[in-house]
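The values are calculated or read from the model by the stated rules, or taken from the named source; none is laboratory data. This structure is a prediction, so every number in the text was calculated from the model and none was measured. Neighbour counts run over all protein chains shown; Cβ positions are idealised from the backbone, glycine included.
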Amino acid sequence: MRVVRVVQGLGHGLDDAAIQAAERIRFKPALRDGQPTDFTAVLHVIFQLA
């Protein structure tokens, strides 16, 4: 199961944009003794005004 949540939100639709971006990322499974295992990761998303 995959759970994506915002730790510190900015609002204004940016939280949803960050979640959508994170859900599109494909990770290789974490391995323990050669077998897939659960893991926790923190992904920092930085928004920049152009």
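Evaluation of V7 against the conditions (1) more than 10 Å from the chain's Cα centre (by Cα); (2) surrounded by 10 or more Cβ atoms within 10 Å (Cβ to Cβ) shows that the sole unmet condition is (2). In the stretch 1-23, the residues that are part of a loop (DSSP other than H, G, I, E, B) reach residues that are loosely packed, with under 13 Cβ neighbours inside 10 Å with C-beta atoms within less than 7 angstrom, at least six apart or across chains, in these pairs: V4/E23.
Within the stretch 10-50, the set of residues being under 13 Å from the mean Cα position of the chain (by Cα) and β-branched (V, I, T) comprises I19, I25, T40, V42, V45, I46.
In the stretch 24-43, which residue that is assigned to a loop (DSSP other than H, G, I, E, B) and either of a type in the set (K, R) or at pLDDT 95 or above (or both) is nearest to V7 (Cα to Cα)?
To start, the set of residues in the stretch 24-43 that are assigned to a loop (DSSP other than H, G, I, E, B) comprises 25-29, 33-34, 38-43.
Applying the additional criterion that residues be either of a type in the set (K, R) or at pLDDT 95 or above (or both) yields 26, 28, 33-34.
On the way: R26: 20, K28: 23, D33: 31, G34: 31 Å.
Going through the qualifying residues, I end up with R26.
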